[in-house]
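A quick write-up on the structure given underneath.
The values are calculated or read from the model by the stated rules, or taken from the named source; none is laboratory data. Predicted model, so just to flag it, every value in this text is computed and none were measured. Glycine gets a Cβ as well: all are built from the backbone with ideal geometry, and neighbour counts include every protein chain shown. The protein model used for the area step is the full one, side chains on, heavy atoms only, and it has no ligands, DNA or RNA in it. Shrake-Rupley method; radii C 1.70, N 1.55, O 1.52, S 1.80 Å.
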Amino acid sequence: MALGIEEVMVGCWTDEENATGVTVILPPRGSLGAVAVRGGAPGTREAAALGPNGSGLECHGVVLCGNSVFGLAAADGVVEWCVEQSRGLELASSIVPVVGGAVIFDITGPDNPRPGPLAGRLACEAATTSDPTSKRIGVGRGCTVGKAAGRAHGSPGGQGIGIAQSGELTVGAIIAVNAFGDVIDADGSVLAGSSAPPEAPRYPYVSIEEISAWEAGEEKANTTIGCLVTNARLTKAEACRVADLAHTGIARTIDPPHTSVDGDALFLLSTQKIEATPDLVADLGTKAVALAIRNAVT
C-alpha cells in the first residue's frame, strides 16, 4: 500500500537531465483535504480552500512540483486526468477536481525547462499503490539542503517517505526536502547539511547579505513540502490542526526550520475510516514526517 493507506496511489515524473520533477498523491474518492503552511516563502495551490478558513472539504489529489511557481502548471495536467477519471466535485453538471499543490525552487538557469501539464499527467499515469523510491526521484530530483552558510556549501536533498502506526491507525508521509537548514538525526548529528567549516557564518546569526558565499537573488530558493495521508476519521478543523502539528516533524529534523526563506507546507489527506483523536493522529504524523525527511537524505 502506498504510504501505508489502502487505495492511495503515488506517481512520479522525473526529468533527470534538468534535475527537476513532479510527484502526485491520489487518494480514494471521498477523502478530506487540509493544509498548513509555516514557512515564510511558500508557493501553493488551493491552500486557501483547504486551509482552516476555507470551505473546501474534499481533495482529489496533491501535487509536489519542482521549478517554483512555474511548476504549478503540472497541476493542470493532474486536473485534466482527474476529470477523465471522474474524480472531483459534481458541480453544474461538471466534474471539478480539487488539486492541492506546493512547489520547491530547483531552477538552475533562465533556460531551465519547466514541468508543465504533461508532466502532471505522466505522474498520474505512473501512479500505483506501491511506495515510490526515496531520494532523487520526482519532486526530490533537484532538492538540496544545508544552505545556511551559502548555497555553494549545500548538499543533495531528496524525496522521502515515512509511515507511523498505532493499531489500525496509520499516517504516511511523503516529503520533498529542499531545506535551507541541515537535516538532523535523532541524536543531534548532521545527516546532510552544509559543508562549510564550523566557524563559517551561518543564518540566522548573520544576515543573508553577510554570507559571502550566497548567490544573489536565491535567498528564497528553499523549502520542505509534503503530503500526509491517514485513514483517520477527521473533521476539517481537526485535519488542519493535525497538518499544522505535523510540522513538528520538520522542526525535529531540520536546523533551522520554518525560516522566512523557506516555504514549508504540509497537505493532509484523510480517508475517513478509523476513529482516532486528533492528538494521536498528529503524534503519528510528526513521527512520519521526521522519518520521511531523514529517509530522503540517507
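Data for the structure
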quantity: Looking only at the stretch 204-214, and only at residues there that are part of a loop (DSSP other than H, G, I, E, B) and modelled with pLDDT under 85, the one that is surrounded by the most Cβ atoms within 10 Å (Cβ to Cβ); calculated: Ile211
quantity: Hits in the stretch 132-143 (condition: farther than 15 Å from Val63 by Cα and touching an Asp or Glu at 6+ places or on another chain (Cβ under 8 Å)); calculated: Gly142, Cys143
quantity: Residue that is closer than 22 Å to Ile250 by Cα, open to solvent by less than 40 Å² (accessible area, probe 1.4 Å) and small (Gly, Ala, Ser), where the choices are Gly71, Gly39, Gly11; calculated: Gly39
quantity: Given (1) out of contact with any Lys or Arg (no Cβ under 8 Å at 6 or more places or on another chain); (2) open to solvent by 20 Å² or more (accessible area, probe 1.4 Å); (3) assigned to a loop (DSSP other than H, G, I, E, B), number of the condition Phe105 does not satisfy; calculated: (1)
quantity: Sole residue being of a type in the set (A, V, I, L, M) and open to solvent by 10 Å² or more (accessible area, probe 1.4 Å), chosen from Ala243, Ala276, Ala239; calculated: Ala276
quantity: Meets criteria (surrounded by fewer than 24 Cβ atoms within 10 Å (Cβ to Cβ) and under 23 Å from Gly140 (Cβ atoms)) for Asp111; calculated: yes
quantity: Residue satisfying condition, being under 27 Å from Ala239 (Cα atoms) and under 17 Å from the mean Cα position of the chain (by Cα), within set Gly101, Gly142; calculated: Gly101
quantity: From the options Ala92, Ala19, residue that is modelled with pLDDT under 95, open to solvent by 30 Å² or more (accessible area, probe 1.4 Å) and on the phi > 0 side of the Ramachandran plot; calculated: Ala92
quantity: Some residue of the stretch 158-167 being in contact with a Cys (Cβ under 6 Å, 6 or more places away or on another chain) and either among the aromatic types (Phe, Trp, Tyr) or not in a loop (DSSP other than H, G, I, E, B) (or both); calculated: yes
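Residue by residue, here is whether (1) within 22 Å of Ile161 (Cβ to Cβ); (2) in contact (Cβ under 8 Å) with a residue 12 or more places away in the chain; (3) not in a strand (DSSP E or B) holds:
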site	(1), (2), (3)
Asn18	no, yes, yes
Thr23	yes, yes, no
Ala49	no, yes, yes
Gly54	no, no, yes
